[in-house]
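Report on the following structure.
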């Protein structure tokens with residue numbers, strides 16, 4: 001299967017299946033000499049892992065990461081870094097009745113038509129379980145970017161189904177299972193999820209993510225624009241059906257006099273561009289929003305067909321997230337970090353010696 005490697009200079013190759021013995025990734029291109037241990041990676045995996053609340057799949061995976069190669073005496077060597085995460089709580093029997101049928105909205109049918117066979121256990125390679133190695137790889141990128149440029153990443157859920165979530169403050173994000181920046185709305189979200197679970201249904205969500213202290217100049221016209229690569233990365237996340245950068249679709253109703261971010265000696269007056277102009281970073285915050293579809297694996301009976309093309313009904317049992325967006329915030333942060341990391345190395349390789357007599361203007365005021 002091709003399509004399992006992301007990035008050009010910071011390259012991450014993802015391997016494994018949802019119910020295989022292990023999942024993991026190989027990182028090629030990490031600069032040498034950076035202190036790195038499992039303790040730098042595990043906190044990000046703990047934010048994403050299943051079983052953290054009653055509102056997500058109860059698959060109980062510790063997601064303990066092992067560094068297999070690429071680190072010697074606590075420092076990265078510049079050689080490939082292999083990260084391994086062992087699967088410990090598979091329940092493959094939950095998927096026995098899916099071998100001959102296809103879940104509506106899932107990748108079952110397309111995988112079978114493309115490859116002639118498929119692994120039905122937990123979705124195999126199409127499972128969101130495979131985002132864990134991505135989050136692990138991004139933890140390495142995040143540490144390098146933070147040490148080199150002071151770059152940081154933060155994300156949150158801004159809508160759960162039809163519930164809009166007002167932004168109150170980042171201090172709330174880490175204190176609830178939904179990654180929402182509003183503590184007061186959590187009981188309403190919990191009640192919504194309990195009702196969905198009782199009904200055997202699911203819902204979608206919107207996730208927003210910011211990158212701060214991003215160097216000016218990342219991105220390469222015409223076809224390797226920073227925002228184009230961000231959109232490509234975000235669409236690679238399971239269940240993502242839409243991406244906005246900056247004002248996004250609000251740009252349709254804006255006028256040019258409003259949308260264009262004015263420049264002053266003190267900095268940009270706004271950030272409708274989302275931190276990217278002409279495909280190149282401005283030094284402002286990168287602001288990205290993604291739309292996540294409702295979970296496809298639900299108990300509600302749905303019409304489908306079997307492998308002989310005969311009509312049937314599918315009702316999915318097992319352990320599933322009623323809203324996959326609940327655990328998507330660390331994944332969206334991770335994909336943005338991988339894009340920024342790759343472009344930072346590419347910019348350093350080609351334009352590291354570029355120096356202008358005038359320093360860049362400050363970015364827009366932080367949220």
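The values are calculated or read from the model by the stated rules, or taken from the named source; none is laboratory data. These numbers come from a predicted model, not from an experiment. Every residue, glycine among them, receives a Cβ derived from its backbone with ideal geometry; neighbour counts consider all protein chains shown.
Of note:
- Subset of the range 226-238 (residues that are in contact (Cβ under 8 Å) with a residue 12 or more places away in the chain and either surrounded by fewer than 20 Cβ atoms within 10 Å (Cβ to Cβ) or closer than 21 Å to residue 280 by Cβ (or both)): 226, 227, 228, 229, 230, 231, 233, 234, 236, 238
- Only one of the listed residues (325, 363) is within 30 Å of residue 113 (Cβ to Cβ), within 28 Å of the chain's Cα centre (by Cα) and in contact (Cβ under 8 Å) with a residue 24 or more places away in the chain. That residue is 325.
- Any hit, the range 142-155, residues being within 19 Å of residue 240 (Cβ to Cβ) and either surrounded by fewer than 21 Cβ atoms within 10 Å (Cβ to Cβ) or at pLDDT below 95 (or both): yes
- Some residue of the range 156-166 being over 17 Å from the mean Cα position of the chain (by Cα), without any contact (Cβ under 8 Å) to a residue 24 or more places away in the chain and in a helix (DSSP H, G or I): no
- Residue in the range 38-59 that is more than 17 Å from residue 128 (Cβ to Cβ), modelled with pLDDT of 95 or more, surrounded by fewer than 16 Cβ atoms within 10 Å (Cβ to Cβ) and in contact with a strand residue (DSSP E or B) (Cβ under 7 Å, 6 or more places away or on another chain) present: yes
- Per the listing 68, 26, the residue uniquely in contact with a strand residue (DSSP E or B) (Cβ under 9 Å, 6 or more places away or on another chain), closer than 16 Å to residue 86 by Cα, at pLDDT 95 or above and loosely packed, with under 15 Cβ neighbours inside 10 Å is 68.
- Cross-chain or 6+ apart pairs with Cβ under 6 Å, the range 280-304 first and at positive phi, then surrounded by fewer than 22 Cβ atoms within 10 Å (Cβ to Cβ) and in a loop (DSSP other than H, G, I, E, B): 283/216; 283/360; 283/363
- If you filter the range 239-271 down to residues that are buried (at least 18 other Cβ atoms within 10 Å of the Cβ) and under 19 Å from residue 158 (Cβ atoms), you find that the one that is farthest from the chain's Cα centre (by Cα) is 271.
- Of the residues making up the range 5-23, those that are touching a residue at least 24 places away in the same chain (Cβ under 8 Å) and either surrounded by fewer than 17 Cβ atoms within 10 Å (Cβ to Cβ) or not in a strand (DSSP E or B) (or both) are 7, 8, 9, 10, 17, 18, 19, 20, 21, 22.
- Test for residue 197: is it more than 30 Å from residue 146 (Cβ to Cβ), surrounded by fewer than 19 Cβ atoms within 10 Å (Cβ to Cβ) and touching a residue at least 24 places away in the same chain (Cβ under 8 Å): yes
- Counted residues, the range 114-126 - those being under 22 Å from residue 240 (Cβ atoms) and without any contact (Cβ under 8 Å) to a residue 60 or more places away in the chain: 2
- Residue match in the range 207-221 (condition: surrounded by fewer than 16 Cβ atoms within 10 Å (Cβ to Cβ), touching a helix residue (DSSP H, G or I) at 6+ places or on another chain (Cβ under 7 Å) and either in contact (Cβ under 8 Å) with a residue 60 or more places away in the chain or assigned to a loop (DSSP other than H, G, I, E, B) (or both)): yes
- Scanning the range 170-219 for residues that are modelled with pLDDT of 95 or more and at positive phi returns 179, 213, 217, 219.
- Search result, residues across the range 305-314 that are touching a helix residue (DSSP H, G or I) at 6+ places or on another chain (Cβ under 9 Å) and either without any contact (Cβ under 8 Å) to a residue 24 or more places away in the chain or under 21 Å from residue 179 (Cα atoms) (or both): none
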